[in-house]
Every structure is written in C-alpha cells, then in structure tokens.
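Structure record follows, encoded as structure tokens.
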Amino acid sequence: MTQSSTTQLDGNAKPEGFELFMLRMNKKFKSVDPYLTVAGIGLWLFAYWVLCEGLEIWRFNKLPGPVAISKDWFSTTPFQGISIFTQEYYDHIAVSCQRILFAFGLATGLGVPLGLFMGWSRSIRDYIFPIIETLRPIPILAWVPLSILLLPGFEGPVIFLATLASFFVTTLNAMLGVDSIDEEYFRAAGCLGSSRWDIFRHVVVPGALPFIFTGLQISIGVAWFSLVAAEMVSGDLGLGYLIVDAYMNNVTVPMVIAMITLGFIGYFSSACVRALGNKLMAWHVKELAQQGR
Amino acid sequence: MSSSKSASKSTASKKNKKLNSSQVEMKNVSKAYGETWESEEVLKNISVEFPAGELTVIVGPSGCGKSTLVNLLAGFEKPDVGEVTVDGKLVTGPAQDRMVVFQETALIPWQTTLENVTFGPKMRGEKKGRSLDDEAKELLVKVGLGEFIHKFPLQLSGGMQRRAELARALINEPTVMIMDEPFRGLDAMSRSLMQEFFLELFEENKKTNIFVTSEIDEAIFLADNLVILSNKPTTVQTVIKIDLPRPRNYKMLTSAKAFKYRKQAMDLLHGEAMKSFAISK
C-alpha cells in the first residue's frame, strides 16, 4: 500500500540549507517560468522605450523614458534631484514605510480580532456588521477632509486614512474566514470536551488563518494605495508626496522613480506577508501542494 | 431486542470500576425542523434500545434522517419530544462518554495526527505531556499509523484518516461509539479493509457501538442488532437480531443465514426506498 512507498521516500536524506536552496534554484531554472518573466520585463521596457524615446510618439514624448530615468536614478549627481545616492530619496522611502508599518499593524491588530469575534459570536456580529458594511463602501478619498479636521498635524490624517482602508479589508476577511470553517470541526471539538474559549483558540483562529492572510495581502496593498493618496493630499514627506511635489515642480523623472519604487516596495511587502502566512500555515501549504499547486 | 441478555451484560459491566460500555436508549423521540406552521417532521416517535457492549447498526433509505438521529444521540441537538438516555441518565449535550466519528472526516486539518489524537484529553486537562503523547502513539501504532503521527490529515489517505479518527475517539475511553456512515466515500477495497479492522477493534474492546450506514452488506457483516428505519417521517420499522458467530469474517456473508437476513432487510428497505423515490418524483 501507500505505506511502503512513503517509507522509501523518507529513506532518501532530505537536503537542507544551502543544498536545498541550490536544488530548488536548479529546478526553477530548468523550467520555462523564469525566462518568461525576464522576456516579459524586457518586452515591457522595450515598448516603453519605443513610445517615449525611440519614436517619441505624441504626448508620450512628455514622459521620461527608461534611459532618462535610469541615468538619473543611478547617478551620483542626478539632474532632477533624486537618485539612489541622495539622502532625500531614502528619507521619503523611510517615512512611507514607517507609516505603512504603523497603519498596517494597527489595522491588523484591530481588524483581525474584531473580524474573528464577529464570525464567532452572532451577537457581536449583529452589533457591528451593519456599521462596518455602511462605512466600508465610502471611498478613502472622501474621508480626507474629515480626517484633516479630526486629527492634528501631517502624520495623523495620513495614518488614519491608510489604517481605515486596510482595516475594513482585514476585518471582513477574518469574519469570512470563520464562516468558512466546517461545522463538523466545531462539533468534533465540542464532543472532545473543549470549552468555548478552547474552540476559539484551537478551531476559530487557525481555521480562519488562510482567509486572514489572503485578506492581509490585499489589505497591505490597499494600505499603500490609500497612504499614497493621503500623502498626495496632506503630507510633508513620503513617496506620495514626492510624486505630487515633483509634478508641481515640473520634474518628471523623480515622479516616475517614486512610482516604480512604490511598486517594488509594495511587491516586497506583499511577499513578506505571504511568507509569514506560509510559515504559520504549514498544514495549508501542504494541502495545496497535495492538490499540485 | 433480547433485553434479558443485555440487562445481565450491563449489570456485569457496572461492577467494573471503570465502565467500558453503556446502555443507550431513545424513548418516544420526535424531532422536526423549520417554523411551526411549515415544519418538517424528520423523526417520529422513535423508541429504540442500544444494548451495552453490542454493535447496533442503523440502516435506512437515504435522506431519512439518520444524521439527525446521530445528532440527538451525540447531544448536538435536543429532541422536541421524548428523551435520550445513557445508563438511565438524560443526555443534555455532547460529552466524552459518547464519541462521534463523522461522515466525512472531521480531523482538524491544522493539527497533526498526533495533535488531533491528544486534543480531547488536553482540552479537558486530564492528561498531559509525555505520558499522553506515549498513549496516543501507542494507539496510532495499533491503528497502523505509527509512521504518520506528524503528518497533517490531508496528507493521509481516506482509510488512514478514518483510522486516525477512531484513535482520536478511543483515547477518550468512551463507553459509546457513534459512527455516522464512517466509511462513506472510501473506495471498495479500503472500505472492506476498514470494516474488518473496525470489527476487530470492536470484538476486542466491546464498547457499545451505534453504527449508521446505508449499505446492507456492511450492516449485516457488522451488526449484532439491525435497526431498519422507515421513510420520512422516520420511525423504527423493524429490529433484526443478527445471529452470526463472532469473530466474523467475510465468508460468513455468503452463508445461508446471512442471505436470509439480507433478503429480509432488502425487502423492508426496498419498500421504503420505493416510497421515498415516488415522493421525490
């Protein structure tokens, strides 16, 4: 039966550390995927170059092309003021990242427990769900005036807006996560003598984790999105502010540099959330692997 | 059901310090779902006895409320009328003396096999640490999962999952095992292996077993008593005493006696199934 074949597999020593890494990389570069990615990026850059710098198509000629951008970006004396060698560039990045960490942390810290409790208890849901569902569709930009009236300084409104947007996503996903748990797990746990609190800890929380982490990946994206919007309206530093400031001063290169930087950092932050999720949900990762995903 | 035999058995087991099996009874139980003005009666006036230390199999046409019966026995739901008792005590909710093995697997997917098995005693704070783990491992070895204790349920095959679930139930030392179509969804081969394995386990520890199925062959192979349910609203139609020797093996299913039981049960069930088929048409 399956038993014997599994033991055989276990008999092969499992590679670890660097060896495992090399094995994975080797496997990866034998498949077609990484080459497709490289080809995709190359094609995209080429099209961009053709439009802006190669043929200088009408209206695209106002935008900085890839050559102009990389010249400034990697220059020690950038023509338009922002490059990887200027302190200012890192100040903007640091401020935005700090705000995201704070806003995302706050939204997660409030949203996950609230969503879990809403999924777990009918009466908590009855109290809170209608309010959340009413507030959720209000676009984040519509909150800008209110947040400026409500909170002092630059930081307050910016963090408030980023937190708010990601809070709704996180809360809703955590609640749906609890809804997604099969009733039989609750029954099995009840049958085995768990208290209500035990069920919350051992069934509700781990069972909702896949949904929670899907929600967190979306919510960190939403947090960046609303942070930049907020920084553009009310801010004194940060990548969103850099974009709007560059636009106002008619320097287009820093504007695009800030946009691309946002893209990279956003990608990286989602990847971090995903990695953390996979670490916490070994069972889920193995389940997906079983299905060939 | 031979009440004299079961009565003597249950008094004998009561003399033991730790009860190994309990007498379960349902008295005049009815259960309906939905609003009062359009309620659907699922169970109607069911009275049935599950003798201590015997394996009672419940068969009925599909959709006749077998799972509702299980929920009442387990204490997940309460009957509208009548009562469920275990050794004379009224059932008011789920408890560790009655363990349920569910239809599809209810192993908790985020716990390893070992964690699943130790879950009950840990939750109740009865046993802890090394000794509990050792006990669980011993049980898992017994059900043939010794090498899979650190795997997650979804890494196990269907048959292994069922065995893990049996281990998870048995570690709580229940006096009653309630099996709700436990082998449904297994392929024919694993199913018959599981039946044999389950019988061995039962014949060894003689707990009161209530086993729900829709397969007649499975029912006759396993049962001491065969309870045949009628169509909705469900009542007990007949109880057949299956008088085949134990330990049992598959050859007995081809004996003249088994064939007689099979025909009897088939006739009764076929009639009921025809009724429900006609209604659904």
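The values are calculated or read from the model by the stated rules, or taken from the named source; none is laboratory data. All figures in this text were calculated on a predicted structure; none of them were measured in a lab. Here the Cβ is made from the backbone with ideal geometry for all residues, glycine too, and neighbour counts use every protein chain on show.
Given (1) without any contact (Cβ under 8 Å) to a residue 24 or more places away in the chain; (2) in a strand (DSSP E or B); (3) not polar (S, T, N, Q), where does B:MET160 come up short, assuming only one miss?
(2)
Test B:THR85 against the stated conditions and say whether it is assigned by TED's automatic domain parsing to the domain that holds B:GLU25 and assigned to a loop (DSSP other than H, G, I, E, B). It would help to see each step written out before you state the result.
On the way: assigned by TED's automatic domain parsing to the domain that holds B:GLU25: yes; assigned to a loop (DSSP other than H, G, I, E, B): no.
In short, no.
Could you look through segment B:209-235, keep only residues that are part of a loop (DSSP other than H, G, I, E, B) and of a type outside the set (Asp, Glu), and pick out the one that is modelled with the highest pLDDT? Show your work before the answer.
Within segment B:209-235, the first condition is being part of a loop (DSSP other than H, G, I, E, B), and the residues that meet it are B:214-215, B:223-224, B:230-233, B:235.
Going one step further and asking which of them are of a type outside the set (Asp, Glu), we end up with B:214, B:223, B:230-233, B:235.
Details: B:SER214: 86, B:ALA223: 91, B:SER230: 85, B:ASN231: 81, B:LYS232: 76, B:PRO233: 83, B:THR235: 86.
Selected residue: B:ALA223.
Return the residues of segment B:236-277 that are closer than 30 Å to B:SER39 by Cα and either free of Cβ contacts under 8 Å to residues at least 40 places away in the same chain or not in a strand (DSSP E or B) (or both); say none if nothing qualifies. Walk me through it before giving the result.
Going through segment B:236-277, the residues closer than 30 Å to B:SER39 by Cα turn out to be B:236-239, B:268-277.
Matches in segment B:236-277: B:GLN237, B:THR238, B:LEU268, B:LEU269, B:HIS270, B:GLY271, B:GLU272, B:ALA273, B:MET274, B:LYS275, B:SER276, B:PHE277.
Within segment A:211-218, is there a residue that is part of a helix (DSSP H, G or I) and more than 30 Å from B:GLU115 (Cα to Cα)? First the steps, then the outcome.
Start the filter on segment A:211-218 by keeping residues that are part of a helix (DSSP H, G or I), which leaves A:211-218.
So of that shortlist, the ones also more than 30 Å from B:GLU115 (Cα to Cα) come out as A:218.
Yes, segment A:211-218 has at least one match.
Just the residues that are crowded, with 19+ Cβ neighbours inside 10 Å and of a type in the set (Ser, Thr, Tyr), please, taken from segment A:180-233.
The answer is A:TYR185, A:SER194, A:SER219, A:SER226.
Please give the helices (runs of 4 or more DSSP H) falling wholly within segment A:7-79 in which 2 or more residues are at pLDDT 90 or above.
Values: elements: A:17-30, A:33-49, A:66-73.
Qualifying helices (runs of 4 or more DSSP H): A:33-49, A:66-73.
For B:ALA106, work out the one condition from (1) among the small types (Gly, Ala, Ser); (2) more than 14 Å from chain A (Cβ to nearest Cβ); (3) closer than 24 Å to A:LEU280 by Cα it doesn't fulfil.
Looking at each condition in turn, B:ALA106 falls short on (2).
Taking the condition within 14 Å of another protein chain (Cβ to nearest Cβ) and under 21 Å from B:SER214 (Cα atoms), does B:LEU132 pass?
On the way: within 14 Å of another protein chain (Cβ to nearest Cβ): yes; under 21 Å from B:SER214 (Cα atoms): no.
No: the conditions fail for B:LEU132.
Please state which of the following conditions B:GLU38 fails to meet, knowing it meets all the rest: (1) exposed (fewer than 15 other Cβ atoms within 10 Å of the Cβ); (2) without any contact (Cβ under 8 Å) to a residue 24 or more places away in the chain; (3) at positive phi.
Of everything listed in (1) exposed (fewer than 15 other Cβ atoms within 10 Å of the Cβ); (2) without any contact (Cβ under 8 Å) to a residue 24 or more places away in the chain; (3) at positive phi, B:GLU38 misses just condition (3).
Within segment B:200-214, count every residue that is touching a residue at least 60 places away in the same chain (Cβ under 8 Å) and on the phi < 0 side of the Ramachandran plot.
Just the residues of segment B:200-214 that are touching a residue at least 60 places away in the same chain (Cβ under 8 Å), to begin with: B:202, B:205-214.
Still in the running and on the phi < 0 side of the Ramachandran plot: B:202, B:205, B:207-214.
Residues that pass the stated criteria total 10.
Taking the residues in segment B:172-211 that are within 11 Å of chain A (Cβ to nearest Cβ) and within 27 Å of B:MET26 (Cβ to Cβ) as candidates, determine which candidate is surrounded by the fewest Cβ atoms within 10 Å (Cβ to Cβ). If you could, list the steps in order and put the result at the bottom.
First pass over segment B:172-211, keeping only residues within 11 Å of chain A (Cβ to nearest Cβ): B:172, B:174, B:178, B:180, B:189-190, B:193.
After this cut, where a residue has to be within 27 Å of B:MET26 (Cβ to Cβ) as well, the list is B:172, B:174, B:178, B:180.
Values: B:ASN172: 20, B:PRO174: 22, B:ILE178: 27, B:ASP180: 24.
Among those residues, the one meeting the criterion is B:ASN172.
Here are some residues: B:GLU77, B:GLU147. Which one is closer than 24 Å to B:VAL212 by Cα and either free of Cβ contacts under 8 Å to residues at least 40 places away in the same chain or more than 9 Å from every other protein chain (Cβ to nearest Cβ) (or both)? Don't jump to the end; show me each part of the working.
Working: B:GLU147 fails: closer than 24 Å to B:VAL212 by Cα.
The match here is B:GLU77.
If you go through segment A:242-293, how many residues are without any contact (Cβ under 8 Å) to a residue 24 or more places away in the chain, charged (D, E, K, R) and more than 14 Å from chain B (Cβ to nearest Cβ)?
Counting residues in segment A:242-293 that are without any contact (Cβ under 8 Å) to a residue 24 or more places away in the chain, charged (D, E, K, R) and more than 14 Å from chain B (Cβ to nearest Cβ) gives 1.
Taking segment A:68-93, which residues are within 15 Å of A:THR252 (Cα to Cα), surrounded by 13 or more Cβ atoms within 10 Å (Cβ to Cβ) and not hydroxyl-bearing (Ser, Thr, Tyr)?
Selection gives A:ALA68, A:ILE69, A:LYS71, A:ASP72, A:TRP73, A:PRO78, A:GLN80, A:GLY81, A:ILE82.
So that you can scan it fast, the table gives a plain yes or no per residue for (1) under 19 Å from A:TYR241 (Cβ atoms); (2) hydrophobic (A, V, I, L, M, F, W, C); (3) without any contact (Cβ under 8 Å) to a residue 60 or more places away in the chain:
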{"position": "A:GLY115", "(1), (2), (3)": "no, no, no"}
{"position": "A:ILE128", "(1), (2), (3)": "no, yes, yes"}
{"position": "A:PRO139", "(1), (2), (3)": "no, no, yes"}
{"position": "A:ALA142", "(1), (2), (3)": "no, yes, yes"}
{"position": "A:LEU150", "(1), (2), (3)": "no, yes, yes"}
{"position": "A:PHE154", "(1), (2), (3)": "yes, yes, no"}
{"position": "A:ILE159", "(1), (2), (3)": "yes, yes, no"}
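How many of the residues in segment B:180-193 are under 14 Å from the mean Cα position of the chain (by Cα) and outside any loop (DSSP other than H, G, I, E, B)?
Here is the first cut: in segment B:180-193, the residues under 14 Å from the mean Cα position of the chain (by Cα) are B:180-184.
In the following step, the residues that additionally are outside any loop (DSSP other than H, G, I, E, B) were identified as B:180.
Qualifying residue count for the region: 1.
Looking only at segment B:121-148, which residues are at pLDDT below 90 and either part of a loop (DSSP other than H, G, I, E, B) or touching a Gly at 6+ places or on another chain (Cβ under 6 Å) (or both)?
B:MET123, B:ARG124, B:GLY125, B:GLU126, B:LYS127, B:LYS128, B:VAL143, B:GLY144, listed by residue number.
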